[in-house]
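Take a look at the following structure, please.
What follows draws every value from the coordinates through simple rules; no lab data is involved. Everything numeric here is computed off the predicted structure, so don't read it as measured data. Using ideal geometry, Cβ is built from the backbone for each residue, glycine included, and neighbour counts are taken over all protein chains shown.
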Amino acid sequence: MLVDSHCHLNYKGLAERQDEVLARARARGVTAMLNIATRESEWDDVLGAAEANEDVWASVGIHPHDADRHPDVDTARLVERAAHPRVIGIGETGLDYYYDKSDRARQQDSFRRHIHASQATGLPVIVHTRDAEADTLALLGEEMERARFPGVIHCFTASDDFARRALDLGLYISISGIVTFKNAAGLQATAKWLPQDRLLIETDAPFLAPVPHRGKTGEPAFVADTLAFLADLRGEDREALAAATCANFYALFSKAAA
């Protein structure tokens, strides 16, 4: 059993051949996929894929790149849409200071709105962070003090210290195909020690296709390759790690388990 905890089935490259993409994932043992929203205009399509496929789930959220363009997406709107039975997560949201496509204060405000929706619904917040470790940790810590909430750091590429502090906050960490890249020695070192009971695996498809698929459009089937690499890196049995990451997915995204 494999789970792709973060993919974008409605993005160009996958949307045009969604049935084929899903069939290939199932053929490789992928039993669940979380289809992630990044802007409000995607919400209906992301939900539509989840409604049409029992093994596809959905999130609702606004990516930090798009925070400037969504000033009206507040906690109430997120909570309203999260009531849909196929929505199991809030996001992706967070902070991205690498591209700075949205004002940093607006990104932070949007991030808080998503966390407040997580606190209100109990659904996990799906966190994107890039070149923003200090502010991400500060904001997460402040909101955890206000009210606890579940969450995951998606597509983890941050420092060891960030990983340890995120784990201390009770968050999960998701590893993408980046861990297979030749220039990912730092991430590989962190991935070796991450506790198995807080570990998720994702593709972020159509991005970040792992070795041996570099240069191709990423798709959920490739989570099997990332799982195999990660198990070998950690010196763990592949089937055991697959079972553990699957169990972790349903422990975190408990609405899907229910």
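Would you please classify the overall shape of the stretch 202-257 from the alpha carbon gyration tensor, given that a ≥ b ≥ c denote the square roots of the eigenvalues, rounded means a/c under 1.5, and beyond that prolate means a/b larger than b/c while oblate covers the rest?
The shape class here is oblate.
Also, I was wondering about something else. Calculate, in nm to one decimal, what Asp232 and Ala105 gain on full extension: separation in residues at 0.36 nm each, minus their alpha carbon distance.
The Asp232-Ala105 span can extend by a further 41.6 nm.
Can you tell me how the stretch 114-258 classifies by the Cα gyration tensor, rounded, prolate or oblate, using a/c under 1.5 as the rounded cut?
prolate
Another question, if that's okay. Whole angstrom only: what separates the Cα centroid of the stretch 31-80 from the Cα centroid of the stretch 181-258?
Measuring centre to centre over Cα atoms gives 22 Å.
Along the stretch 4-10, what does the Karplus equation 6.51 cos²θ - 1.76 cosθ + 1.60 (θ = phi - 60°) give for ³J(HN,Hα), rounded to whole Hz, x for Gly and Pro?
Taking θ as phi minus 60°, the curve returns 9, 7, 6, 8, 10, 5, 9 Hz for the stretch 4-10.
Follow-up. Around Val87, what is the net charge, scoring Lys/Arg as +1 and Asp/Glu as -1 over all other residues with Cβ under 9 Å from its Cβ?
Values: positive: Arg81, Arg86, Lys255; negative: none.
Summing Lys and Arg as +1 and Asp and Glu as -1 gives +3.
Taking loop as defined by DSSP and a crowding limit of 13 other beta carbons within 10 Å, which trypsin sites (Lys or Arg not before Pro) in the stretch 115-192 fit?
Sparse-neighbourhood loop trypsin sites (Lys or Arg not before Pro): Arg148, Lys182.
Could you work out [θ]222 nm for the chain from helices alone, using -39500 (n - 2.57) per DSSP H run of at least four and dividing by all its residues? Round to the nearest 500 deg cm²/dmol.
-13000 deg cm²/dmol
Continuing with this model, one more query. Across all directions of projection, what mean area in square nanometres is found for the Cα convex hull of the stretch 1-65?
Mean projected area of the Cα convex hull: 4.2 nm².
Under the 0.36 nm per residue contour assumption, what length would be gained going from the current alpha-carbon distance of Ala23 and Glu142 to full extension? Display every interim value, and only then the final one.
Details: separation 119, 0.36 × 119 = 42.84 nm, distance 4.25 nm.
Here the segment from Ala23 to Glu142 would lengthen by 38.6 nm.
If you don't mind, another one. Scale the Cα Rg of the chain by the rule-of-thumb value 2.2 N^0.38 Å and send over the ratio, two decimals.
Rg over 2.2 N^0.38 Å, computed on Cα atoms: 0.92.
Assuming a ≥ b ≥ c are the square roots of the Cα gyration tensor eigenvalues, decide whether the stretch 80-125 counts as rounded (a/c under 1.5), prolate (otherwise, with a/b larger than b/c) or oblate.
prolate
To make sure I understand the rule: partners must be lysines, Cα under 30 Å from the Cα of Lys255, and not fewer than 8 residues away in the same chain. Which ones qualify?
Answer for Lys255, where 30 Å is the Cα cut-off: Lys12, Lys192, listed by chain and number.
Same structure again: Scan the stretch 60-135 for chymotrypsin sites (Phe, Trp or Tyr not before Pro) in coil per DSSP, keeping those whose Cβ has at most 12 other Cβ atoms within 10 Å, and list them by number.
Tyr98, Tyr99
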